[in-house]
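Student: Can you read through this structure? Questions will come right after.
Computed from the coordinates by the stated procedures, all read-outs in this text should not be read as laboratory data. All figures in this text were calculated on a predicted structure; none of them were measured in a lab. Cβ coordinates were reconstructed from backbone atoms using ideal geometry, including for glycine residues, and neighbour counts include every protein chain displayed.
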Amino acid sequence: MTPARRRDRAVYTRSHPALFALLSLTRRAAALRIGRTVLVHGTDAYREALTRLPLDRTATGTTGGIAREVSGGAGVLFDQAGDDHRGARRALADELSAPGVERLRPLGRAVLDRRLADLATGRRVDVVDVALELSGTVTAALLGVDLAARDLTPRDLAVAARVAAAAGARAHLPGPLAPRHRRTAHTAATDLVALVGDVRAAMLAVAAVNTIVAAVPRAVAWCADDGLWPQAADPATRPALADELFRVLAPTPLLPRVAAADGTLAGRPVRAGDRLILVARHAARAHDRDPDAVAAAPAATAQLVFGAGPHACPGARLARAQLVDVLAAFAPHRPVVRRARVDRRAALPGWASLEVTACASR
């Protein structure tokens, strides 16, 4: 196991040890039934679940279901239901088109230039804090939210989105604290909606912020630990490295879904109402194939961390562009990790802090 993989493994084993152990023990099966739950690990089975099997995206425990519950039943971006949803996705696709993403990138680059100036003077930089400001700045611009007019900062927006995501995830944990978790989740969602204007914008903020804050620090740590800065520094290999890092990091490692009709996955029957745990991390071969821009995994495999077919993430282009810019900004400094602490409460596996300094011999 490489140093980078050993470090990155900690974000799973220290935050969700039981779940990580279960998924590791069952990953050799393309699809495995445990009661009314089907674990989907295989690349083809995962793709088939997203492109051929009808899914109920408003069911309890799914992303759309959680969003509807904590937002009081309002229609949201991720519920995959109705004409309103399709119209919202079309509008979002326009905003996240190639020209739209290029309009947003200078904002993120300005944040990176300013925040990484400390590396040049030998000071430590917390990559998690940089990712919070980066994601908050870009998300506010994407949503057209004037934070300054409300005496708020991009970090305030990012923190609110992080809190809402974490609270929403805890709301579906069983146990005596479940009612309290649900109340907390509803309050956090209400606060975020008040900040950004409506429920769809709030859910977009949750996705945009949490993906970047989970992925960027882990990507920087991986490059530092496995000596990938030369690939990050080279404009010819940098985009492929970003794709490879997203594949291996799989910021959203699991997609909870519910089958809306009978079908099959990897030759095994699936019944309507079955709970599906789609393991993006395993489908994309994140667990056994390290990132390498020169010998990259097939693009169709790497894409799976952002979904597939009608269930593909509309923000994938923006996320990739932001990671490319992060790699370009950090690479000249060849950072090394000085301190890392796992975030045990976040919705997505990641670091609570990741402090780096520039390599003295760069």
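Student: If we count other beta carbons within 10 Å of each Cβ, what is the order of 107, 132, fewest first?
Tutor: Numbers: 107 15, 132 24.
Fewest to most other Cβ atoms nearby, the residues stand as 107, 132.
Student: Okay, moving on. Is there a quick way to get the dipole size of the stretch 3-357? I mean about its Cα centre, with the Cβ of Lys and Arg at +1 and of Asp and Glu at -1; what is the value in debye to the nearest 20? If you can, show how the numbers build up before the last one.
Tutor: On the way: 49 positive and 34 negative charges, 224 e Å.
Around 1080 debye, computed over the stretch 3-357.
Student: Of (1) 39, 21, 17; (2) 31, 25, 19; (3) 33, 23, 18, which one was derived for semi-axes √(5λ) of the Cα gyration tensor in Å from the structure shown?
Tutor: Derived directly from the coordinates: (2).
Student: Below 8 Å, C-alpha to C-alpha, sequence gap of six or more: please give me the relative contact order for the stretch 3-357 in percent. Please report the intermediate quantities before stating the final value.
Tutor: Numbers: 611 pairs, mean separation 96.7, N = 355.
Contact order relative to length: 27 percent.
Student: Sorted from fewest to most neighbouring beta carbons within 10 Å, what does the list 294, 356, 220 look like?
Tutor: On the way: 294 9, 356 25, 220 29.
Ordered from fewest to most neighbouring Cβ atoms within 10 Å, 294, 356, 220 come out as 294, 356, 220.
Student: A further question follows. Just rank 330, 306, fewest to most, by other beta-carbon atoms within 10 angstrom. Don't jump to the answer; show the numbers that get you there.
Tutor: Values: 330 26, 306 23.
Ranking 330, 306 by Cβ neighbours within 10 Å, fewest first, gives 306, 330.
Student: Take every Cα-Cα distance within the stretch 256-362, group them into 10 Å bins from 0 onward, and report for each bin the whole-number percent of pairs it holds.
Tutor: 11, 27, 36, 17, 7, 2
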